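Beneath this line is the structure, given in structure tokens, with notes to follow.
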Amino acid sequence: MDILDIVNRGSKSVENLDDSLRLRSAAYDLLRVYEHFGGFSVYAASPQAERVLGAAMMIEPAVCAGGSGDTVIVDVNIASGTLMARAARRLRDNGNAGRLVGIALHSLVGDYERWHVPELSELVVVDPHGEPCSIGRQATQGSDHRIGLLL
């Protein structure tokens, strides 16, 4: 896969959010993973993630944005983890000392099991290989441990 393929896949997953049914589906996918982190606040790593979070918060009003304490950082796409890492650094710079977990709806590159995003205590990839019902879950604290879960 070359850089153009990655960019096109990322653009396509963002364009899909223009369709209300796909946006709602993405919000439900996020909520299914988020339920494992009950009580965490949520924080968007990108403007595209803000759309999905807004939809999720309309579906489930108990989901609370804020970025303080234990926090789930959400993004639509992940390729290298840079946006998640930057969002985590912003939270830390603003005094958040809680646990930070990343949730990405789509992986744009393979081999996500080897990613290390040191700013996060855990990274969850909802759609690592184009299969909408699988979750790739990885602890990022020096472990390459992965648990497959079905939604």
Query raised in the report: Which pairs have Cβ atoms under 9 Å, sit 6 or more apart or on different chains, and link a residue in region 94-105 that is within 14 Å of GLY38 (Cα to Cα) and among the aliphatic types (A, V, I, L, M) to one that is open to solvent by 10 Å² or more (accessible area, probe 1.4 Å) and in a loop (DSSP other than H, G, I, E, B)?
Result: LEU100/ASP70; LEU100/GLU119; LEU100/SER121; VAL101/PHE40; VAL101/ASP70; VAL101/SER121
Query raised in the report: Which members of region 16-51 meet the condition of being closer than 23 Å to ARG86 by Cβ, among the charged types (D, E, K, R) and out of contact with any strand residue (DSSP E or B) (no Cβ under 7 Å at 6 or more places or on another chain)?
Result: ARG51
Report task. Would you be able to tell me the number of residues in region 66-100 that are among the hydroxyl-bearing types (Ser, Thr, Tyr), under 16 Å from the mean Cα position of the chain (by Cα) and open to solvent by 20 Å² or more (accessible area, probe 1.4 Å)? Result -> 2
Query - Residues of region 28-59 that turn out to be under 20 Å from LEU108 (Cβ atoms) and part of a helix (DSSP H, G or I), as a count - result: 10
Query - Matching residues in region 86-113 - criterion: being in contact with a Gly (Cβ under 9 Å, 6 or more places away or on another chain) and at pLDDT 90 or above - result: ALA87, ALA88, ARG90, LEU91, ASN94, ASN96, ALA97, GLY98, ARG99, GLY102, ALA104
Query raised in the report: If you take the residues of region 29-51 that are under 16 Å from ASN77 (Cα atoms) and of a type in the set (Ser, Thr, Tyr), which of them is least open to solvent (accessible area, probe 1.4 Å)?
Result: SER46
Report task. Considering (1) open to solvent by 60 Å² or more (accessible area, probe 1.4 Å); (2) touching a residue at least 12 places away in the same chain (Cβ under 8 Å); (3) under 23 Å from ALA27 (Cβ atoms), say which one ALA62 fails and leave the rest. Result -> (2)
Query raised in the report: Is it the case that GLY10 is in a loop (DSSP other than H, G, I, E, B), open to solvent by less than 80 Å² (accessible area, probe 1.4 Å) and at pLDDT below 90?
Result: no
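The values are calculated or read from the model by the stated rules, or taken from the named source; none is laboratory data. Note that the coordinates shown come from a computational prediction; the quantities given were computed from them, not determined experimentally. Ideal geometry is used to build each Cβ from the backbone, glycine not excepted, and the neighbour counts take in all protein chains shown. The accessibility values were calculated without ligands, DNA or RNA, using every heavy atom of the protein model including side chains. Shrake-Rupley method; radii C 1.70, N 1.55, O 1.52, S 1.80 Å.
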